[in-house]
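Below: one structure, written as C-alpha cells.
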Amino acid sequence: MTRLRRAESKNRTRERLLESAREMFAKNGFLGVSVDHIAEHAGYSKGAVYSNFKSKEALFLELLEERMSEEIGELRALLSRAASAEEIMHALEEKYSSLEKQVTWCLLAAEFQLQAGRNPEFAAPFAALYRNQRKAIGQLVKLVAEKAGMPTPPNLDEVATSLMALTHGISLQRAADPRGVSAATAGKSLRLLLSAFLNKNVVAKGKNS
C-alpha cells in the first residue's frame, strides 16, 4: 500500500508538472520558459522536475507526443462517424478551420525545432515523433481512400508529409497575420490537397489499366 501511495503521488506530481508546462509553454513559448518557471507554477521545487524528466526538452517532447496522439484520436473518431467521402471531406474541412490549438503547437514546435537544430541530441527524438505522426496520418489517408471507394495512394508518407506541411504552414502564417489569413483557409486547403491526391491516383490507375 505504501508503494502504491508513493506511485500515485509521483504520478500526480508528474501530471501537475506536465499541466504546468503546457500552460507556461502556450503562454510564453518554449524559449521563454525555464524549468524554474514550470516548477514554481506547479507548486514544486526544480528538483521535482528533474526527478520526473531529464530536461525541459524531454518534458516538451512528452507534451508534443501527447498532442499528436490526441490529434490522431480525433481524426480516427471523425472517420468512424463519416458515412461517405463527402462527409469525410466536410468533417476534415470543419476540423481544420479551427486553428487556435494548432497555431499554438505549431509555434512551439517551430521554436523547439530551432533548438534541436543547435543540438542533435534533441533533434533525433523530435524527428522520430514526426516520423511516427506521418505514418499515422498516412494510414488515415488510406482509410479515407477505402471509405471513398478510391485506390490507396502508393506514396502515403509523401501525402502525409504534404498534408502536415500545409496545415502547419498555414497555422504559422495565421499566427503572423490573423487578419490576412482566415481560420477557414487550412480546412479548405486541406480538402483541396487531399482530393487532388486521391483523384490523381484514380487517374493514374486508369492510365495504367
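The values are calculated or read from the model by the stated rules, or taken from the named source; none is laboratory data. Computed from a predicted structure; not experimentally measured. Cβ sites come from the backbone with ideal geometry, for glycine too, and all protein chains shown count toward neighbours.
Would you list the helices (runs of 4 or more DSSP H) that sit entirely within the stretch 1-62 and hold 1 or more residues that are within 17 Å of ALA109 (Cβ to Cβ) and not acidic (Asp, Glu)? Walk me through how you get there before you give the answer.
Numbers: elements: 2-28, 35-42, 46-52.
In the stretch 1-62, 2-28 are the helices (runs of 4 or more DSSP H) which contain 1 or more residues that are within 17 Å of ALA109 (Cβ to Cβ) and not acidic (Asp, Glu).
Could you say which residue among GLY138, GLY149, GLY180 is of a type outside the set (Ser, Thr, Tyr), over 13 Å from the mean Cα position of the chain (by Cα) and either surrounded by 16 or more Cβ atoms within 10 Å (Cβ to Cβ) or not assigned by TED's automatic domain parsing to the domain that holds GLU70 (or both)? Working first, answer last.
Working: GLY149 fails: either surrounded by 16 or more Cβ atoms within 10 Å (Cβ to Cβ) or not assigned by TED's automatic domain parsing to the domain that holds GLU70 (or both); GLY180 fails: either surrounded by 16 or more Cβ atoms within 10 Å (Cβ to Cβ) or not assigned by TED's automatic domain parsing to the domain that holds GLU70 (or both).
When all the criteria are applied, what remains is GLY138.
Those residues that are within 15 Å of THR13 (Cα to Cα) and either among the β-branched types (Val, Ile, Thr) or touching a Cys at 6+ places or on another chain (Cβ under 7 Å) (or both), I need them from the stretch 32-75; list them, please.
The answer is VAL35, ILE38, VAL49.
Please pick out the residue among HIS41, HIS90 that is in contact with a Ser or Thr (Cβ under 8 Å, 6 or more places away or on another chain) and of a type outside the set (Phe, Trp, Tyr). Talk me through it step by step, then tell me what you get.
Working: HIS90 fails: in contact with a Ser or Thr (Cβ under 8 Å, 6 or more places away or on another chain).
When all the criteria are applied, what remains is HIS41.
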